[in-house]
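A quick write-up on the structure given underneath.
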Amino acid sequence: MKDRKDRCWPEYILVVYLVDNETREDALAAVMPDSESAKEVAAELDTDEFTCWTEYIKIRRPKVRRPRRCRRTPKPEKDETIHLVFRGGHAQSEYEKYGEFSSPEIMGAFSSLPEAEAYAESLRDPSRLFPPTLHIWSVATTYMNQRLRHR
């Protein structure tokens, strides 16, 4: 019998943002596989100074025929690596330098890095006077921004 991971693929992840109520800037707080986990993170981070909001992001996967036995959408595997394409903000490697509040916009989530890179390249338009700044972050589906946790 095949493993469930071989038969079914999750379709969504939940991205939790933390918003500074004073400046209205937001930061990526967590990437969670299900709504229960996202609610726990939001409850932990919500204060009078900061508010959390959650966004469902569809995971784009390689084109593979999905088996018929997958009627329900399963949760993402724990610690599955997801590649997020951001417009704005800063590179994942420069996080310590710039801090967490940078108001990035997620353009897409991908299960493979080559697909994320190809998508980011397709968004770059060299004819534009000010092309968008795009970054790819590779995070686990249980990613939690530890710096925000200790605010």
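The order of 90, 83, going from fewest to most other C-beta atoms within 10 Å of their C-beta, is 90, 83.
Extension gain for the segment residue 55 to residue 25, taken as residue separation times 0.36 nm less the Cα-Cα distance, is 9.2 nm to one decimal. In order along segment 115-125, the phi-based Karplus estimate (6.51 cos²θ - 1.76 cosθ + 1.60, θ = phi - 60°) of 3J(HN,Hα) comes to 5, 5, 5, 5, 5, 4, 5, 5, 7, 6, 10 Hz; Gly and Pro are listed as x. Rounded to whole Å, give me the distance from the Cα center of segment 18-49 to that of segment 120-147. About 20 Å separates the Cα centre of segment 18-49 from the one of segment 120-147.
Bear in mind that the values in this text are calculations on the coordinates, not laboratory data. Keep in mind that this is a model prediction, so the values were computed, not measured. Neighbour counts are summed over all protein chains in view; Cβ atoms, including those assigned to glycine, are modelled from backbone coordinates with ideal geometry.
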